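Engineer: Below: one structure in structure tokens.
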Amino acid sequence: MEVLCDNCPPGGVGIYNPGFWGMNIEEGKTYNLVMYARSPDSMELIVSLTCSRPSGALKNLASASTRHINLSNWTKVELQLLAQGTCRTARLELTTSKRGVLWLDQVSLMPSDTYKGHGFRKDLTYMLLDLKPRFLRFPGGCFVEGNWLSNAFRWKETTGPWEERPGHYGDVWNYWTDDGLGYYEFLQLAEDLDALPIWVFNAGISHNDAVNSSMILPFVKDAMDSLEFARGNAESTWGSVRVAMGHPDPFPLKYVAIGNENCGYGSYRGNYMAFYSAIRKVYPDIQIISNCDGSSKALDTPADFYEYHNYTDTAAKLFIAKNQFDKTSRSGPKVFISEYAVRDGHNGSLLASLAEAAFLTGVEKNSDYIQMASYAPMFVNEKDRTWSPDAIVFNSWQQYGTPSYWMQTFFRESSGALIHPVTITSRYSDLLAASAITWQDNEKSFLRVKIVNFGSGAVNLTIRATGLQVGVNTKRSRVTILTSGNVLDENSFSNPEKILPVMKGLPNAAEAMHSFLSPYSFTSFDLALDE
């Protein structure tokens, strides 16, 4: 930054950064600024958080100065800013009133109050925790590949101090990332969520270019180094890097996926086997996930899991898919449904969530074969809807769950539960999807019967549960319903709670009971079982 004025205007001159469509600054909270600076002219820099008023004038929310910091050589500057006001669209300003030259690099502003101090917004993390996730798949799908291998995610370049990471251009989604959120941070987030990490690494394939199997060994070596980083001891080459970053204990990495949607590429099987053989030799306990679909025919390569993605352009198609795994052969690898959603041109409608719920009832009933499932994508900024729908929408200071998010809350107790047989009697059975589990909460047992009504009419039906060892406690039983007045209704920032699950008592709870389903609804009957 070259400053040319001898008599600079009041407030000085300089540069500013608005963050991502404005920074959320809240009164009474502190914000940590870190940057590297150098000035041969002994310039003083004022760091400010400002907010634009309706008149166009700027209101100062917080300021700090480098007055007592020697910047003659490259210096790491750390300042703390205490906000004196609230602004949802604030910006960071760096100004000076003295002629001279100032060099700046790696400027970062972060709230001091983040989840477990690891940089993630608490409100968004709490929404993840409310789903009770059992695993976290990262760093994503196409982001792993890149349109070109030169822009693929490189885990080694995301380790070490943040300011030393070169960053890279995410050419699939068209943005630059400084890789402050890297391999280590994803492993740490999985740990903070009490979820198992599922690490997806590049198989030597991008959208537009690929490495021949005869030249894949450097990629295999890179993957093996990543496993050593996660699991190696302090004496190992890459385990010592993890320890230096602040995590002496190994991460419980037990699942890896080789590539993302790459099975159709000519070099995938050869590349895959090179990865598979190397991993199996050193880490025999790691579960290896193939990109090839084994639902219709047996895989021609070994794997512990095969990955299955299911995006449909209409809700009806995903509703029908609820039965697609009923007759699939149980021999061979298990299934990991790592991406599913209805992509019908909307931003997350009730109708889409009902189809997704129906699909998950089929997943649940086939859980002897389908071991894991995850909706995708999880987050989207309202200002950058490159992909829709998404489970959680956020801006600088707010967030809301789409109906697809709330649908998933009906399944958060399913992991580790037991499938229970139930009979649903109704003449509308073609428009219904159902599954049932028994689960425990604080040593209290429940039978949960989930039913999707995918029709426009209300349904009267009879539910019969057999094989219960104890009776049903009517007083503790509940019913939860997800529905709305219009099947295409969506949540939004103007009405974030338009579609939410509604819980109420279930006075007729019994092993056999008559019930009523609203049109286009998802209903969960939680029958409390006697001790």
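The values are calculated or read from the model by the stated rules, or taken from the named source; none is laboratory data. Everything quoted here is computed from the prediction, not taken from an experiment. Using ideal geometry, Cβ is built from the backbone for each residue, glycine included, and neighbour counts are taken over all protein chains shown. Keep in mind that these areas ignore ligands, DNA and RNA; they rest on the heavy atoms of the full protein, side chains included. Shrake-Rupley method; radii C 1.70, N 1.55, O 1.52, S 1.80 Å.
Engineer: Give the cross-link partners of Lys498 among the aspartates and glutamates, using a straight C-alpha distance below 13 Å as the criterion and excluding same-chain residues fewer than 8 apart.
Structural biologist: Those aspartates and glutamates meeting the cut-off are Asp489, Glu490.
Engineer: If you take every DSSP beta bridge fully contained in region 334-428, what fraction is antiparallel? Give it as a percent rounded to 5.
Structural biologist: If we restrict to bridges inside region 334-428, about 35 percent are antiparallel.
Engineer: Could I ask something else about it? Within the chain, what percent of beta bridges assigned by DSSP are antiparallel, to the nearest 5?
Structural biologist: Bridges in the chain are about 75 percent antiparallel.
Engineer: Considering only protein heavy atoms, with the full assembly of protein chains and a 1.4 angstrom probe, order Met224, Met215, Met35 by accessible area, largest first.
Structural biologist: Order by accessible area, largest first: Met215, Met224, Met35.
Engineer: Further, regarding this structure: Within the set of other residues whose C-beta is less than 15 Å from the C-beta of Ser112, count the net charge using Lys and Arg as +1 and Asp and Glu as -1.
Structural biologist: Combined, the nearby Lys, Arg, Asp and Glu give 0.
Engineer: So if I place +1 on the C-beta of Lys and Arg and -1 on the C-beta of Asp and Glu, and nothing else carries charge, what would the dipole magnitude of region 470-531 be about its Cα centre? I want it in debye, nearest 20.
Structural biologist: Dipole about the Cα centre, nearest 20: 160 debye.
Engineer: Which is farthest toward the positive dipole end of region 318-390 among Val335, Phe319, Tyr375, measuring Cα position about the Cα centre, with Cβ charges +1 (Lys, Arg) and -1 (Asp, Glu)?
Structural biologist: About the Cα centre, the residue reaching furthest to the positive side is Val335.
Engineer: Let me ask you something else. Count charges around Ser236 for me, please; just the other residues with Cβ under 13 Å from its Cβ, Lys/Arg as +1, Asp/Glu as -1.
Structural biologist: Summing Lys/Arg as +1 and Asp/Glu as -1 gives -1.
Engineer: If I stretch the segment between Asp368 and Asp209 completely, what's the gain in nm (0.36 nm per residue apart, minus their alpha carbon distance), one decimal?
Structural biologist: 53.5 nm
Engineer: Distance cut-off 20 Å, Cα to Cα: go down the list Lys322/Lys365; Lys444/Lys475; Lys221/Lys281; Lys254/Lys281; Lys132/Lys327 and report the pairs above it.
Structural biologist: Checking Cα-Cα distances, Lys132/Lys327 exceed 20 Å.
Engineer: Within the chain, which cysteines find no other Cys whose Cβ is under 4.7 angstrom from their own?
Structural biologist: Taking the Cβ cut-off of 4.7 Å, the unpaired cysteines of the chain are Cys142.
Engineer: Relative to the present Cα-Cα distance, how much length would full extension add between Glu26 and Leu299 at 0.36 nm per residue of separation?
Structural biologist: Stretched out fully, the Glu26 to Leu299 stretch lengthens by 92.9 nm.
Engineer: How large are Rg and Dmax for region 214-365 when only the alpha carbon atoms are used, in Å?
Structural biologist: When restricted to Cα atoms, region 214-365 yields Rg and Dmax of 18.8, 55 Å.
Engineer: Which one of Ser52, Thr86, Met110 has its Cα pushed farthest toward the positive end of the charge dipole of region 50-120, where Lys and Arg give +1 and Asp and Glu give -1 at the Cβ?
Structural biologist: Looking along the dipole axis, the top candidate is Ser52.
Engineer: A further question follows. If you average the C-alpha positions of region 413-458 and of region 467-531 separately, how far apart do those two centres end up, in angstrom?
Structural biologist: 10 Å
Engineer: GluC sites (Glu not before Pro) within region 470-526: which are DSSP loop residues with at most 12 other Cβ atoms inside 10 Å?
Structural biologist: Passing sites in region 470-526 are Glu497.
Engineer: Suppose R0 equals 56 Å; then what is the FRET efficiency for Val282 and Ala458 from their Cβ-Cβ distance, rounded to the nearest 0.05?
Structural biologist: It comes to 0.45.
Engineer: At a probe size of 1.4 Å, how large is the accessible area of Arg330, to the nearest 10 Å²?
Structural biologist: Taking all protein chains as shown, Arg330 has close to 90 Å².
Engineer: For Arg343 and Asp6, compute 0.36 nm times the residue count separating them, minus their Cα-Cα distance, and round to one decimal in nm.
Structural biologist: 115.5 nm
Engineer: Can you list the equivalent-ellipsoid semi-axes of region 414-531, largest first and in whole Å, using the square root of 5 times each Cα gyration tensor eigenvalue?
Structural biologist: So the three semi-axes of region 414-531 are 25, 18, 12 Å.
Engineer: Of Asp194, Asp526, which has the most accessible area with a 1.4 Å probe, and how do the rest follow in descending order?
Structural biologist: Asp194, Asp526
Engineer: Would you mind working out the magnitude of the charge dipole of the chain relative to its Cα centre, with +1 at each Lys and Arg C-beta and -1 at each Asp and Glu C-beta, to the nearest 20 Debye?
Structural biologist: Charge dipole, the chain, about its Cα centre: 880 debye, nearest 20.
Engineer: Let me ask something additional. What does the charge count near Glu44 come to, summing +1 for each Lys or Arg and -1 for each Asp or Glu among other residues with Cβ under 11 Å from its Cβ?
Structural biologist: +1
Engineer: With each run of n ≥ 4 DSSP H residues scored as -39500 (n - 2.57), what mean residue ellipticity at 222 nm is computed for the chain after dividing by its residue count and rounding to the nearest 500 deg cm²/dmol?
Structural biologist: Helix contribution divided over all residues of the chain: -5000 deg cm²/dmol.
Engineer: Per residue, how much accessible surface does the chain expose to a 1.4 Å probe? Answer in Å², no decimals.
Structural biologist: Per residue, the chain has 46 Å² of solvent-accessible surface.
Engineer: Right, another one. Tell me which of His514, Pro10, Ala358 sits at the most positive position along the dipole axis of the chain, charges placed on C-beta atoms (Lys, Arg +1; Asp, Glu -1).
Structural biologist: Value computed over the given set: His514.
Engineer: Counting DSSP beta bridges with both partners in region 203-335, what percentage is antiparallel, nearest 5?
Structural biologist: Close to 10 percent.
Engineer: Now a separate question. Mind sorting out which of (1) 28.1; (2) 26.2; (3) 29.3 is the real mean projected area of the Cα convex hull in nm² computed from the coordinates?
Structural biologist: Calculated mean projected area of the Cα convex hull in nm²: the matching label is (3).
Engineer: For region 55-172, with only Lys/Arg (+1) and Asp/Glu (-1) charged at the beta-carbon, what is the dipole magnitude about the Cα centre, in debye rounded to 20?
Structural biologist: 260 debye
Engineer: Another question, if that's okay. What's the FRET efficiency of Trp173 with Lys317 using the Cβ-Cβ distance as r and R₀ = 35 Å, to the nearest 0.05?
Structural biologist: With a Förster radius of 35 Å, E is 0.85.
Engineer: Also, I was wondering about something else. Can you pull the one-decimal nm distance between simple spin-label points at Trp74 and Glu511, each 7 Å off the Cα toward Cβ?
Structural biologist: 7.5 nm
Engineer: Rounded to the nearest 10 Å², what accessible area does Tyr311 have for a 1.4 Å probe in the complete protein model?
Structural biologist: Ignoring ligands and nucleic acids, Tyr311 comes out at about 70 Å².
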